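Q: Below you will find the structure I want to go over with you.
The values are calculated or read from the model by the stated rules, or taken from the named source; none is laboratory data. All values reported here derive from a predicted model rather than from experimental measurement. Counting neighbours? That spans all protein chains shown, and the Cβs are built from the backbone with ideal geometry, glycine included. Surface accessibility is based on the protein's heavy atoms, side chains included, excluding ligands, DNA and RNA. Shrake-Rupley method; radii C 1.70, N 1.55, O 1.52, S 1.80 Å.
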Amino acid sequence: KTTRGGSHAPKTTARVSGVKATTTAKTSKTSKTSKTTTTTTVGSTTTLSPVQLKLQKNTNLASKLQSRLPAGTNLTLAASGFRNLGQFVAAVNVSNNLGIPFAELKTRMVDQGMSLGQAMQDARPRTTDTIVVARRAESDADALIRTTQQMTTTKNKKVKKTQHGAK
């Protein structure tokens, strides 16, 4: 098997609120396939979780969540440790709606392994129907994620149509 060298796309680096993202694209002339490697780090040593990466891509969702957290909260750091995006969004919503500090919910859910309902009950023992409230928060989180993803996808399609139409 012989190859005639490959072309290397330039390495791109972008900084978004203290987060460095590096993408390298490599295409082989003989196989006509492309290989893309993405490495994202915070500072110089921490790799971003899938939840954090999804928040960076879905800026509509990120801005809505940022407005529900205390001023000055770093959204990327707040999302660290959560198992999935829905769990994080639900925790932010419960914190905002019930007035439970987000840091308390996060500690219970991420560090102590509690469910959202257990974390709510532990933080506010007098709260009733925590299971119902938790399920509602998770359902609302899923709906919010879906609608903001659709908005982002629609915007991207419009941009692509505009770019292709300009040729």
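Q: Return yes or no: is Arg146 closer than 23 Å to Thr59 by Cα, without any contact (Cβ under 8 Å) to a residue 24 or more places away in the chain and exposed (fewer than 15 other Cβ atoms within 10 Å of the Cβ)?
A: Yes; evaluated as a whole, the condition is true for this residue.
Q: I would also like to ask the following. Give segment 111-166 a look and list any residue that's under 19 Å from Lys54 (Cβ atoms), at pLDDT below 65 and of a type in the set (Ser, Thr, Tyr), or say none.
A: Thr152, Thr153, Thr154
Q: I would also like to ask the following. List every residue pair whose Cβ atoms sit under 6 Å apart, with the two residues 6 or more apart in sequence or on different chains, where the first one lies in segment 57-73 and is farther than 17 Å from Ala90 by Cβ and the second, anywhere, is open to solvent by 40 Å² or more (accessible area, probe 1.4 Å).
A: Asn60/Met151
Q: Sticking with this structure for a sec: Starting from segment 94-110, take each residue that is small (Gly, Ala, Ser) and list its partners that are in a helix (DSSP H, G or I), counting only C-beta distances under 6 angstrom and pairs at least six apart or across chains.
A: Cβ pairs passing all conditions: Ser95/Phe102; Ser95/Leu105.
Q: Residues in segment 101-123 that are outside any helix (DSSP H, G or I) and crowded, with 16+ Cβ neighbours inside 10 Å: how many? Before the answer, list the steps.
A: Narrowing segment 101-123 to residues outside any helix (DSSP H, G or I): 101, 112-115.
In the following step, the residues that additionally are crowded, with 16+ Cβ neighbours inside 10 Å were identified as 114.
Qualifying residue count, segment 101-123: 1.
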